[in-house]
Amino acid sequence: MNEQVTAKELVNLRSLPSVEHADSKVIAQLKHGEVITRTGINTDVGWSRVEYNGQVLYCVSSLLELAE
């Protein structure tokens, strides 16, 4: 997978695909209109893997939309 996405609203980009894991830290925030590359989706848990400034990070899939 390699698609351009943006945030529907302000989205936290995390180090791990979890909000509960102690090591899952918010590394950055993605604003609406800011475009990044989604490299994978885990539909079972609802998280997307994205590339942001050279880092692999994770965010909730439902908060993203395809960029125009």
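The values are calculated or read from the model by the stated rules, or taken from the named source; none is laboratory data. Model, not experiment: these values are computed from the prediction. So basically every Cβ, Gly included, is an ideal-geometry build from the backbone, and we count neighbours across all protein chains shown. Protein only, heavy atoms only, side chains kept; ligands, DNA and RNA dropped before computing areas. Shrake-Rupley method; radii C 1.70, N 1.55, O 1.52, S 1.80 Å.
Taking the Cβ-Cβ separation of Ala67 and Asn42 as r and a Förster radius of 25 Å, what is the calculated FRET efficiency to the nearest 0.05? So the FRET efficiency works out to roughly 0.75.
Converting phi to 3J(HN,Hα) with the Karplus coefficients 6.51, -1.76 and 1.60 and the offset θ = phi - 60°, the stretch 21-28 yields 5, 4, 8, 7, 10, 6, 8, 7 Hz in sequence order, with x at every glycine or proline.
Here the 3J(HN,Hα) profile of the stretch 11-17, calculated from phi with Karplus coefficients 6.51, -1.76 and 1.60 at θ = phi - 60°, is 10, 7, 9, 10, 6, 9, x Hz, Gly and Pro shown as x. Label sites at Asp23 and Val35, each approximated as a point 7 angstrom past Cα along Cα to Cβ, lie 3.4 nm apart.
Kindly provide log₁₀ I(q)/I(0) values, in the same order as q = 0.17, 0.18, 0.20 Å⁻¹, from the Debye equation applied to equal alpha-carbon scatterers of the chain. Results for the chain at q = 0.17, 0.18, 0.20 Å⁻¹ read -0.50, -0.56, -0.70. Take the chain with all the other protein chains still there, run a 1.4 Å probe, and you get 63 Å² of accessible area per residue.
Just tell me the longest site-free run in the chain, where the sites are trypsin sites (Lys or Arg not before Pro) in a DSSP loop having at most 12 other beta-carbon atoms within 10 Å. Longest stretch, sites excluded: 32-68.
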